[in-house]
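Enquirer: First the structure, then my questions, so here it is.
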Amino acid sequence: MKKVFAVTLGVLTAFGGFVDIGDLVANALVGSRFGMSLAWVVVVGVVGICLFAEMSGRIAAVSGRPVFDLVRERLGPRTGLVNLVASFFINVLTLAAEIGGAALALELATGVNYLLWVPGVALVAWLVMWRVKFTTMERVFGLAGLALIVFAVALWQLGPDWAELGRQLTNPPPDEGAPTYWYYAIALLGGAMTPYEVFFFSSGGVEEHWSRRDLAVERANVLVGFPLGGFLSLAIAGCAATVFLPVQAQVDTLSQMLLPAGLGAGQIGLVLVIFGVFAATFGATLETALSSGYTISQYFGWQWGKFVRPRQAARFHAVVLAGVIVATALILTTIDPIKVTEYSLVFSAAALPLTYLPVLMIANDPDYMGQKVNGRFSNALGTVYMVLLVVVAAAAIPLMIATKAGQ
Amino acid sequence: MTAARRLHAELHLLDRQVIHSGDGRLVCKVDDLELATGSDGRPYVTAILAGPLALGPRVGGVLGRLMVAVTEMLRPEEHPGPRRIPMALVSDIGSALVIGGRPLEMALERWARRTVIDPIPGSGHAAPGASAHLPEAAPPGAARLSPLLRLRVTDAEGQEVGQVADVGLRQDGPLLAGVQHALRIDGFIVVPRHTGRLFGYERGPGGYGPGPVRAIVRLLHRGSRFVGWEQVGDLTGDGIRLSVPERDLEPFVFGRAKTGEGRSAPLGSGGGKESGGGKESGGGKESGGGKDS
């Protein structure tokens, strides 16, 4: 049982990236418009985030330095600050969306308007970050998010035409333009490989006091958590492709994207899926809020983390508190949480190389890593992804403008 | 005979985390380094500088000026300086710098605790209070290291050579507080173009992966040179004027820079040429320079 709990950090991190509010809807939307023709992007994203998280987790375990320490150390104070501002902006935007998402799940469960739930969700999330131990937090919300596996069950129960889904893998629907197709490819990749996942994962490793001896645990976290997250996002897309694509319906709300789960797995399925959505978005709320504190503290060298008492990391907790307040205020303006994440995914794809490069460099630096530097395989794959991420970053914003954000 | 430890200022020291040896608490970043001039006219590192007054000028621009201005406004002294941690307190230089001495606390942390965190229930009480002393003033004549980076370099005939990419340091300076030798400026890595940082790819042997990144960084900095301190004629805020013509400069051979090697050694060992093509010793993270005793 202990071994099961050991990988909850990876599960919580991955769910925050793959099945948080933005991706839940993005996956369903992509499934309903493009069928399974963008499934390959999820696979590319899973491999990429595994590589990225494995390097950053290994660095955290061997040298005790989390990701934003490396960003500032290798890129210097100026470029580091640019990255900090971009990452913090994306973090708070995503945090706002996740609070909204958790409130939307509560609205689906109770019928009470989500805006009334927002302050409560934000307060409970902050209390968890203020008082609950890191390991307890990651276990509870990592395991609760597993309820989303019901999407896979639902897909099975729907009994789709597997041959048709297989055919869609290589055949994008003819009525969608190429720029739109690539815009959604970038949004999906940005959703899979978000910077806040590695901020949270590497800082979480430090919170759990990983050392060289824990490298096996670190790898297990990566290899269980992220593929599981990717698998779930494929299941969601598959459900949407089965139910919505044949009738040309487009998904853009949370309740619509939950429909296939209800059709496939019945009432219990629907209850489980709403619970799962709440757990995943609430977990993502914690992940993004803590990441905003981690990044600022690590850039300036402040004491951070939940492994010390709040008064010993006063600046860190002040930043987290301020982040939660700003995000809550943002979502209370009735801004659409799903639209917010769609944009923040694309921005985070554009900012990603600034975080990826220093991690790749330091994973090769024996001053930090001793014998645990990247092997040939990691470096070959790391170089391929470096090129890929730079191309994606350059293309992200122009494509967003050209396609009017995928319309 | 062990050679004195060599470091690159920007690569190994600047922007690294500072940790307290007692409780492993995170203290600050190395925002800048303070220099004093030795009896032989060669500058050596006397202290780590931390806080917005050290970081602001390095960030530069509106944001950097704002950082400095706000801090100066809030501090009670006439001419406030950054937080100073004497180099003699540094016991290890690795992926972080470990310091001893009494625990210190930055002003912003104290402020955030008093006004934001302490009033909230459950913040955890009765933690050992760190000392709340004001930062000590820098000694007269102290300079900072960061302005040397990106400084223009011209040779004895006024020919432009390039700009400083990193500062070579060597642990053979005067004794600090009687416990360890200071890191003394040994020379400069001068790159011919404005192509940014070296990212650590100047080190060897062979250099670190991934290969394509190394190749790109080295290509951008081809034609780099190492200027030993004895070749520096005049060092001012505007640039470095060398005492030799450009053709007499040694090329900087990538992958042969010997850094991070060797424990801190007694004064007077070494003193040979910088570009000795010896093999780099392992250099894991453990190769920190311990205290001399």
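Enquirer: Pull up the stretch A:177-187, narrow it to residues that are farther than 9 Å from A:Val346 by Cα and among the aliphatic types (A, V, I, L, M), then point me to the one that is nearest to the chain's Cα centre (by Cα).
Expert: So, considering only residues that are farther than 9 Å from A:Val346 by Cα and among the aliphatic types (A, V, I, L, M), the one nearest to the chain's Cα centre (by Cα) is A:Ala185.
Enquirer: Out of curiosity, is B:Leu35 touching a residue at least 24 places away in the same chain (Cβ under 8 Å) and either under 24 Å from A:Val85 (Cα atoms) or in the same structural domain as B:Ala177 (by TED's automatic domain parsing) (or both)?
Expert: For B:Leu35, the condition - touching a residue at least 24 places away in the same chain (Cβ under 8 Å) and either under 24 Å from A:Val85 (Cα atoms) or in the same structural domain as B:Ala177 (by TED's automatic domain parsing) (or both) - is not met.
Enquirer: Separate question: Here are some conditions: (1) more than 30 Å from A:Lys372 (Cα to Cα); (2) hydroxyl-bearing (Ser, Thr, Tyr); (3) under 19 Å from the mean Cα position of the chain (by Cα). A:Ser87 meets all but one. Which one does it not meet?
Expert: (1)
Enquirer: What number of residues in the stretch B:10-36 are under 18 Å from the mean Cα position of the chain (by Cα) and exposed (fewer than 14 other Cβ atoms within 10 Å of the Cβ)?
Expert: The qualifying residues number 0.
Enquirer: Can you name the residue in the stretch B:182-197 that is crowded, with 21+ Cβ neighbours inside 10 Å and over 15 Å from the mean Cα position of the chain (by Cα) and is also nearest to B:Trp229 (Cα to Cα) among such residues?
Expert: So the residue we want is B:Val190.
Enquirer: Of the numbered conditions (1) in the same structural domain as B:Leu235 (by TED's automatic domain parsing); (2) at pLDDT below 90; (3) at positive phi, B:Gly162 fails exactly one; give the number of that condition.
Expert: Only one criterion in (1) in the same structural domain as B:Leu235 (by TED's automatic domain parsing); (2) at pLDDT below 90; (3) at positive phi is unmet by B:Gly162, namely (2).
Enquirer: Right, here's the next one. Looking at this structure, is B:Leu74 more than 14 Å from chain A (Cβ to nearest Cβ), surrounded by 23 or more Cβ atoms within 10 Å (Cβ to Cβ) and either out of contact with any helix residue (DSSP H, G or I) (no Cβ under 9 Å at 6 or more places or on another chain) or at negative phi (or both)?
Expert: In short, no.
Enquirer: Can you work out which of the residues in the stretch B:23-71 that are β-branched (Val, Ile, Thr) and in a helix (DSSP H, G or I) is nearest to the other protein chains (Cβ to nearest Cβ)?
Expert: Within the stretch B:23-71, the match that is nearest to the other protein chains (Cβ to nearest Cβ) is B:Val59.
Enquirer: Right, here's the next one. Which of the residues that make up the stretch B:106-124 are within 24 Å of B:Arg75 (Cα to Cα), more than 9 Å from chain A (Cβ to nearest Cβ) and in a loop (DSSP other than H, G, I, E, B)?
Expert: B:Pro119
Enquirer: What's the total number of residues in the stretch A:289-315 that are at the interface with chain B (Cβ under 9 Å from one of its Cβ atoms), assigned to a helix (DSSP H, G or I) and hydrophobic (A, V, I, L, M, F, W, C)?
Expert: Number of matching residues: 3.
Enquirer: Please go through the stretch B:166-181 and pick out each residue that is of a type in the set (A, V, I, L, M, F, W, C) and surrounded by fewer than 23 Cβ atoms within 10 Å (Cβ to Cβ).
Expert: If the condition is that a residue be of a type in the set (A, V, I, L, M, F, W, C) and surrounded by fewer than 23 Cβ atoms within 10 Å (Cβ to Cβ), then B:Leu175, B:Leu176, B:Ala177, B:Val179 are the ones that fit.
Enquirer: Name every residue in the stretch A:281-323 that is small (Gly, Ala, Ser), without any contact (Cβ under 8 Å) to a residue 60 or more places away in the chain and more than 16 Å from A:Ser87 (Cα to Cα), in order of residue number.
Expert: A:Gly301, A:Ala313, A:Ala314, A:Ala318, listed by residue number.
Every residue, every condition in (1) basic (Lys, Arg); (2) part of a helix (DSSP H, G or I); (3) at pLDDT 95 or above, yes or no:
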position: A:Leu116; (1), (2), (3): no, yes, yes
position: A:Val121; (1), (2), (3): no, yes, yes
position: A:Val124; (1), (2), (3): no, yes, yes
position: A:Arg139; (1), (2), (3): yes, yes, no
position: A:Ala147; (1), (2), (3): no, yes, no
position: A:Pro173; (1), (2), (3): no, no, no
position: A:Tyr184; (1), (2), (3): no, yes, no
position: A:Leu189; (1), (2), (3): no, yes, no
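Enquirer: Would you mind finding the one in B:Arg241, B:Arg203, B:Arg263 that is over 30 Å from A:Tyr385 (Cβ atoms) and either modelled with pLDDT under 85 or outside the structural domain of B:Gly173 (by TED's automatic domain parsing) (or both)?
Expert: B:Arg263
Enquirer: Inside the stretch A:355-390, can you point out the residues that are assigned to a helix (DSSP H, G or I), more than 8 Å from every other protein chain (Cβ to nearest Cβ) and either over 24 Å from the mean Cα position of the chain (by Cα) or of a type in the set (Asp, Glu) (or both)?
Expert: A:Lys372, A:Arg376, A:Phe377
Enquirer: Can you confirm whether the stretch A:64-83 contains a residue that is in contact (Cβ under 8 Å) with a residue 12 or more places away in the chain, away from every other protein chain (no Cβ under 14 Å) and more than 16 Å from the chain's Cα centre (by Cα)?
Expert: Checked against the condition, which is being in contact (Cβ under 8 Å) with a residue 12 or more places away in the chain, away from every other protein chain (no Cβ under 14 Å) and more than 16 Å from the chain's Cα centre (by Cα), the stretch A:64-83 yields no hits at all.
The values are calculated or read from the model by the stated rules, or taken from the named source; none is laboratory data. Keep in mind the model is a prediction, meaning the values are calculated, not measured. Reconstructed Cβ throughout: ideal geometry from the backbone, glycine too, with neighbour counts over all protein chains shown.
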